[in-house]
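In what follows, a single structure is set out as C-alpha cells and then discussed.
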Amino acid sequence: MCLQALSATVNRFMQHDPRAFLWDVRESAIAIQTFVADLDINSFSANFMAQAAAERKFEIIGEALNQLSKIDPNLASKIPDLAQIVAFRNQLIHGYSKIRASTVWTVIQDSLPQLLECVSALLDALGDD
C-alpha cells in the first residue's frame, strides 16, 4: 500500500514538473532518430512499422508540448515552432488518413534535430534530474 501511495505522489509531481514534459519530448525525439537511423525516404515509406512508431512518438511530442504550454507558458515560449509542433500532432491524430510518409520524413530530417537540441539545452539549464 505504501508503494502505491508513493507512486501516486511521484506521478502527481512529475505531471506538474515541466521537466517531465521536456524529458518526454527528448526521449521521443531520440527514439524517432533511432527508428530511422538506417533508413532513407524510400525505405521509410515502405516500412509501415517505422512510420507508425515515428508518428506515435510525434504524437507524444506534440501532446507533451501542449501540456507544457499550459503549465509553464514562459518555458514553452522558448521552444521554436511550438504551435506548429502541436498542430502536427493534431494532424497525425485527427487527419491521419491524409498524412504522407514523405511529410513525416521531412519533419524528421528538417525539424527534429533542432527540437532535440533546444529541449536538451532547456533540460540542461533546468537540471535534468
Query raised in the report: Taking VAL36, is it buried (at least 20 other Cβ atoms within 10 Å of the Cβ), in contact (Cβ under 8 Å) with a residue 60 or more places away in the chain and out of contact with any Leu (no Cβ under 6 Å at 6 or more places or on another chain)?
Result: yes
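Count, please, the residues in the range 94-114 that happen to be within 14 Å of the chain's Cα centre (by Cα) and in a helix (DSSP H, G or I).
So in the range 94-114, the residues within 14 Å of the chain's Cα centre (by Cα) come out as 104, 107-108, 111-114.
Still in the running and in a helix (DSSP H, G or I): 104, 107-108, 112-114.
The qualifying residues number 6.
Take the conditions at negative phi, at pLDDT 95 or above, basic (Lys, Arg) and assigned to a loop (DSSP other than H, G, I, E, B) and apply them to LYS57. Does it pass?
no
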Requested in this report: Mind listing whichever residues of the range 95-116 are at pLDDT 95 or above and exposed (fewer than 15 other Cβ atoms within 10 Å of the Cβ)?
Outcome: ARG100, SER102, THR103, THR106, GLN109, ASP110, PRO113, GLN114
Query raised in the report: Within the range 119-129, restricting attention to residues that are in contact with a helix residue (DSSP H, G or I) (Cβ under 9 Å, 6 or more places away or on another chain) and assigned to a helix (DSSP H, G or I), which residue is surrounded by the most Cβ atoms within 10 Å (Cβ to Cβ)?
Result: VAL119
Report summary line: For the range 47-72 the number of residues that are free of Cβ contacts under 8 Å to residues at least 40 places away in the same chain, within 16 Å of ILE32 (Cα to Cα) and under 15 Å from the mean Cα position of the chain (by Cα) is 8
Query raised in the report: Tally time: how many residues in the range 27-38 are more than 12 Å from the chain's Cα centre (by Cα) and either over 22 Å from GLN91 (Cβ atoms) or of a type in the set (Val, Ile, Thr) (or both)?
Result: 4
**Report entry** Counted residues, the range 77-90 - those being crowded, with 16+ Cβ neighbours inside 10 Å and free of Cβ contacts under 8 Å to residues at least 24 places away in the same chain
**Finding:** 1
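The values are calculated or read from the model by the stated rules, or taken from the named source; none is laboratory data. All figures in this text were calculated on a predicted structure; none of them were measured in a lab. Cβ coordinates were reconstructed from backbone atoms using ideal geometry, including for glycine residues, and neighbour counts include every protein chain displayed.
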